[in-house]
């Protein structure tokens, strides 16, 4: 049997399936053609099957016009499908089997009854998770007949768990998968920038979260630019919308940090932030991501994948931007430190210079002193060698009238004047006579 | 250089200047660099207040940020 789209309740004419390209029980009723199951034909008013007996030419009303089993079951199917609108049914799931093409087969039961259920792959794919054995669920289904077995069957379109079973199961399944890929690893967490010049906010432009974030940023750090990438944050369209908005921010490339979030809500409201696509998009952002989903509910997978998790949108904004006044104070202090340090450097250099000057002066005076002593020594020796010292000991130096030193007796003749230089003066005298001494007496 | 880098550099410079074993020439060079960092960082802190904008994708695929209330 092929998956059949849901049909709404029949009108009084029972022609709801007129346009459906599928075998029609009442058409077969006339055609006696259960094997080919074609071509589609308009349904007849259901009343026709219940026509009063008596006309033996009508199919099934006489032994001669006996109908096939297929005709009977398919007619029944059509009657049932036409008579009952899709219903929400509560029951316990038993024996769920997944077909390789993704269809789910299971039984819904309670204490007194059970019904076979089928959920076609297209519908099963949209379910949060496959229900566990024994899990109580609420299924929206259309009652039909599975002709091949002559069984009453519920064709399930949607399932919801009666408690949080399905949510938890779906959450754990995605969590396990992404954790195995390392998406939540601590090493992946990046530090937030000290002063972002632009904060991108991925949220709904209609939500309270945006208002909170903007007011915190403008109060703390009004120079930081806030750019909103609008996204639908709850419902079936939310995951795709969030992913698109995140990608838009990444492609734009001017944000230094991203806040991803929404205000608080029920688990169902926040579910998009557990969607695998959204979590992957958040983890793949080129700049740090701050998640701010809800107020007090459980952690979302986006929280785990983000670089920083904030409990509320306001807290996310506080994490995203510094308090500008703090920063101004910090920079001012750094400036003061810088000047102090530079002054200290110059002062220390000046002191070094002064100390060096003193050293040089001291070294210089030391040299002078040593020179003086040396000089005194030399002077002493010089003095010792001076002829004046010899004169002081009682010797005299003779000079003739031309001032020439007389060193020979032959330099003077009797009557010549000469001067004798002695320790304290000169004696002017005349030569009486001269005498030459023998060789042995000359020095 | 980001604001963060400038502040980090400034902190480094102050630390280097605080250590005494630095030649005067090197110290003055660092001081000059520090003053430049300081001026740039201060300039960033005194920027004009920014408006809130919305990131929109135009039909030609170009992304643009326009004022939220516009």
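Computed from the coordinates by the stated procedures, all read-outs in this text should not be read as laboratory data. None of the values given here were measured: they were computed from a predicted structure. Because the Cβ atoms are built from the backbone with ideal geometry, glycine has one as well, and the counts that use them run over all protein chains shown.
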By its C-alpha gyration tensor, with a ≥ b ≥ c as the square roots of the eigenvalues, how is the range A:300-377 shaped: rounded for a/c under 1.5, else prolate for a/b larger than b/c, else oblate? prolate
Based on DSSP, what percent of beta bridges with both residues in the protein assembly as shown are antiparallel, to the nearest 5? 65
Using a 7 Å offset from the Cα along the Cα-to-Cβ direction at both residue A:100 and residue B:5, what is the distance between the two label points in nm, to one decimal? 5.7
Relative contact order %, chain B, counting alpha carbon pairs below 8 Å whose residues are six or more apart: 26
Cα gyration tensor shape for the range A:339-443, rounded if a/c is under 1.5, else prolate or oblate: prolate
Sorted on mean Cβ neighbours within 10 Å (highest first), peptides A:98-106, A:393-401 come out as A:98-106, A:393-401
Packing-wise, with mean Cβ within 10 Å as the measure, how do A:130-138, A:177-185 rank, highest first? A:130-138, A:177-185
What is the average number of partner chain Cβ atoms found within 10 Å of a Cβ in A:222-229? 6
Could you work out the percent of alpha carbon pairs in the range A:135-259 separated by over 23 Å, rounded to a whole number? 58
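Taking R0 as 45 Å, what's the FRET efficiency between residue A:373 and residue A:407 from their Cβ-Cβ distance, rounded to 0.05?
Plugging the Cβ-Cβ distance into 1/(1 + (r/R0)^6) gives 0.75.
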Projected onto their principal axes, the Cα atoms of the range B:11-53 stretch, largest extent first, over whole-Å spans of 51, 14, 11
For the range A:65-205, what relative contact order do you get, as a whole percent, if you take Cα pairs closer than 8 Å and at least 6 residues apart? 21
For chain B, the longest principal axis of the Cα atoms and the Cα long axis of helix B:24-45 enclose an angle in degrees, to the nearest 10, of 20
Pairwise over distinct Cα atoms, reciprocal of the mean inverse distance: report the Kirkwood radius of the protein assembly as shown in Å, one decimal place. 33.7
Ranked from highest to lowest mean number of other Cβ atoms within 10 Å per residue, what is the order of the peptides B:51-60, A:303-312, A:331-340? A:303-312, A:331-340, B:51-60
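Give me the inter-chain shielding for B:52-63: mean count of other chain Cβ atoms within 10 Å, whole number please.
If you average over the peptide's residues, the count of other-chain Cβ atoms is 5.
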